[in-house]
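In what follows, a structure is listed as structure tokens, so that the remarks can point back to it.
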Amino acid sequence: MNKMSIAIYTLTSELHDEAAVDAAQKAFLDSLDITFDFRAGDFADYGTHALDLIYVRTGGTEGIFRRLLPQLQAQSQQPFYLLTSGKSNSLAASMEILSFLRHHALSGEILHGQAGFVGQRIRLLAEVNEAKRQLSGARLGVIGQPSDWLIASQADYDAVRQKLGIALTDIPMTELLQRLGDMTGCATPMDGAKHIYHVLKALVADYGLRGFTLRCFDLLSAVHNTGCLALAQLNAEGIVAGCEGDVPAMLSMLIVSTLTGVSGFQANPASVDSETGEVLFAHCTIPLNMVERYEFDTHFESGIGVGIRGYMAEGPVTIFKVSGDLTRSFICEGQLVRSQSKPDLCRTQQVIRLSDPACASYFLTNPIGNHHIVVPGHRRALLEAFFSLIED
């Protein structure tokens, strides 16, 4: 499969003049400013691209589509994307086809409108479909199970497998502790933190993981250190590494990194101002590739080990979270207006002003757990398109 390749397959009624249809097709496709893999009426490799479009060129094609449907269903799990210029009754045919699909509980969408809008929509759909393909087959580790206080942050393993193709693998905390040993050779907290990093990285390789979430507070009593530095470094290396055994947060982080190519910061709101829409997010770690600079401190709650105080560039951000059964999501854009370093909070502290102050009420009335993911940039459209895809 060619990454981000976009294929076009055509449906054309024999009643229409082929030369006239070809001329209209060229003008229409050129206006979209996208490089397509043009497959014409040969559907043999349908389902092998980042995005497969069915270009309904004329009316009278509904019966052709109906005959092709069993083959298309066998070849692809994507929704059916019907591209139409509106010429030669193509929109009417597309509407009939989409109604037929919906009647049979199949998902689809008609791509129609001004060239700029349609082209942008096609590129967005290619991104989210490619991300979903990359997620399928991934394995994530749950090391030690969620922390005891995360009473609402469980996950439905079957739903995660069915909707995303991701396998969640439970790894006993005892295995990690056995690999860590007694750590008597670690002379300083930094030595111990680096040792935890190397052991976790080896565990990731041994299990073939794309990422993991760690019941990290167990390390405080077991080895008198923390996993904050290890998680910060592993995330920077592209290995999703979550805190406190929070599985929905880990899933959210993996979705973000796969869609955008950048890391996400797992944090929890420490305060919410419903009037200004400002939310203070804090945690003792942040991916090292997300910050302009960082400092080492102790872990906040315990006062031991190594915590990270990171300073991310001010500017646009998006807050994201999915539920453990993937039936809900929260997506809200905002601005990181300042970082701070108060002594009575987790070490990395970000004040984010939400673009829609009404989003603040979500945290106080209907939150998805406490941890949320902060990702740089305006990502709402991309995340909403992805979540719509897995809902279908």
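The values are calculated or read from the model by the stated rules, or taken from the named source; none is laboratory data. For clarity, every value in this text was computed on a predicted model and none was experimentally measured. Please note: Cβ atoms are built from the backbone with ideal geometry, for glycine as well, and neighbour counts cover all protein chains shown.
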Fill in: Exclusive hit being of a type outside the set (K, R) and not assigned by TED's automatic domain parsing to the domain that holds I368, set L168, L150, L176, L124
L124
Practice prompt. Could you please find all residues in segment 28-58 being without any contact (Cβ under 8 Å) to a residue 60 or more places away in the chain and at positive phi?
Written response: A40, G47
Worksheet item: Yes or no: E295 of a type outside the set (F, W, Y) and under 30 Å from A105 (Cα atoms)?
Response: no
Response to the item:
Going through segment 107-142 in order, the residues found to be among the hydrophobic types (A, V, I, L, M, F, W, C) and within 21 Å of the chain's Cα centre (by Cα) are I122, L124, L125, A126, V128, A131, L135, A138, L140, V142
Item to complete: Please identify the pairs in which a residue from segment 369-392 that is touching a residue at least 60 places away in the same chain (Cβ under 8 Å) has its Cβ atom under 6 Å from the Cβ atom of a residue that is acidic (D, E), counting only partners at least 6 apart or on another chain.
Response: H371/D246; H378/E333; R380/E333
Practice prompt. Go over the candidates L251, L234 one by one and state the one that is crowded, with 19+ Cβ neighbours inside 10 Å and under 26 Å from Y362 (Cα atoms).
Written response: L251
Practice prompt. Would you point out the residue of segment 14-45, among those that are modelled with pLDDT of 90 or more and among the β-branched types (V, I, T), that is nearest to T84 (Cα to Cα)?
Written response: I34
Discussion item. It is to be established whether one or more residues within segment 168-190 are closer than 28 Å to S107 by Cβ, surrounded by 14 or more Cβ atoms within 10 Å (Cβ to Cβ), touching a helix residue (DSSP H, G or I) at 6+ places or on another chain (Cβ under 9 Å) and touching a residue at least 40 places away in the same chain (Cβ under 8 Å).
Written reply: yes
Worksheet item: Among the residues of segment 362-379, is any surrounded by fewer than 17 Cβ atoms within 10 Å (Cβ to Cβ), of a type in the set (S, T, N, Q), in a loop (DSSP other than H, G, I, E, B) and modelled with pLDDT under 95?
Response: no
Worksheet item: Residues that are within 17 Å of Q233 (Cβ to Cβ): which strands (runs of 3 or more DSSP E) entirely in segment 279-329 hold 3 or more of them?
Response: 293-297, 307-311
Item to complete: Provide a single number: the residues in segment 77-118 that are under 27 Å from Q134 (Cβ atoms), surrounded by fewer than 16 Cβ atoms within 10 Å (Cβ to Cβ) and of a type in the set (G, A, S).
Response: 2
Item to complete: Give just the number: which of (1) out of contact with any Leu (no Cβ under 6 Å at 6 or more places or on another chain); (2) surrounded by fewer than 24 Cβ atoms within 10 Å (Cβ to Cβ); (3) over 27 Å from D191 (Cβ atoms); (4) touching a residue at least 24 places away in the same chain (Cβ under 8 Å) does D218 not satisfy?
Response: (3)
Item to complete: State which residue is farthest from H195 (Cα to Cα) when the search covers only segment 297-338 and only residues that are hydroxyl-bearing (S, T, Y) and surrounded by fewer than 18 Cβ atoms within 10 Å (Cβ to Cβ).
Response: T327
Practice prompt. Filter segment 262-278 down to residues that are of a type in the set (S, T, N, Q) and not in a loop (DSSP other than H, G, I, E, B) and give me whichever is surrounded by the fewest Cβ atoms within 10 Å (Cβ to Cβ).
Written response: S271
